[in-house]
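Okay, so here's the structure we're looking at.
The values are calculated or read from the model by the stated rules, or taken from the named source; none is laboratory data. What you are looking at is a predicted structure, and each value in this text was computed from that prediction instead of being measured. Glycine gets a Cβ as well: all are built from the backbone with ideal geometry, and neighbour counts include every protein chain shown.
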Amino acid sequence: MTSVDQRSSEPEAPPAGSVPARTRLLGGRVGSVEVLALLLIALLLFRGQIADAIATPLLQTWTTVFVSVMVQATPFLVFGVALSAVIAVFVPRSFWAKALPKHPALAVPVASCAGVVLPGCECGSVPIAGSLIRRGVTPAAALAFLLAAPAINPIVLTATAVAFPNNPEMVVARGVASLVVAMIMGWLWLRLGKQDWIRLPHRPELDDLSKARAFWAACRHDIVHAGGFLVLGAMAAATINVLVPESVLQAVADRPVLSVLALAGLAVLLSICSEADAFVAASLSQFSLTARLAFLVVGPMVDLKLISMQAGVFGRRFALRFAPATFVIAVLVAAAAGMVLL
């Protein structure tokens, strides 16, 4: 009897879900808020040393490139995340069954052309494509939209026309080549792609929430996954941008095949948003129009920040297969379009 009373008088262990935040933190489970707080404290304590380090020319260039990539990309990432949340919460699944052809091979070109009506860059198209797949759209059509939307929307084509006022054929060549690449990659996915290559991160269940709460839950989820990889991609682009000497560009400009490959590779490394890349391509006047077209076609489809974001939204197995295949197809199609249209 005494042992029973002793056991009944002992406090019960709290359930796993009710462990206080302080206990979790003391137990070693540190969350993103704690990490951010530690970073802010470190910045305050070492602000003098950090300011001296950034004052060097090399780091000033790195900081400029990193900030420029983030400033260009962030507004369109936010736009894409918001549109993705709208698709996830407010658009019923039955809509996509009616809007797209039932046959996947026919849904690919329709989804590719849908990019014309959405003014955004590749940073926004990644979360939108992920949301489309969640809503039941065939992955081939969603991936075709992902590739086409950043390159054929009205803002990008207008920027290209402004950047190349004496070469209006660049606008046509860019639109046609980008659309062809998107459709080819969509059809290739139908032929060779596997469903288990796409691993969408777990998203909180939205059906049991009100529309407003579900919208903000979807936004928070996507901005964490896509935004973090955007930062990593911008850091990598800034690092490579600083390390690649300009003399390398001059050495290959006079070699047709090498110049196409060089500018295609440069587009991957620089990671410039599609709304701004036409002005960079126009400034590379030592290169042929075909080489600059390759820069414009490859950039919105394959660059460092985009690869990072694809890995975050669709999984690393997907990104490691999809990005190289897209690069090869984009280079070949851009070269062919340049020979015919330019």
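Restricting VAL242, VAL268 to those that are at pLDDT 85 or above and either part of a helix (DSSP H, G or I) or under 20 Å from ARG199 (Cα atoms) (or both) reduces the list to VAL268. Screening VAL302, VAL280 for residues that are surrounded by fewer than 24 Cβ atoms within 10 Å (Cβ to Cβ) and either outside any helix (DSSP H, G or I) or under 21 Å from the mean Cα position of the chain (by Cα) (or both) leaves exactly one candidate, VAL280.
Pairs are defined by a Cβ separation below 8 Å, a sequence spacing of at least 6 or placement on different chains, a first member in region 157-174 that is part of a helix (DSSP H, G or I), and a second member that is basic (Lys, Arg); the pairs so defined are LEU157/ARG174; THR160/ARG174; MET170/ARG292.
Any residue in region 294-317 that is at pLDDT below 80 and in contact with an Asp or Glu (Cβ under 6 Å, 6 or more places away or on another chain)? The answer is no, given that none of the residues of region 294-317 is at pLDDT below 80 and in contact with an Asp or Glu (Cβ under 6 Å, 6 or more places away or on another chain).
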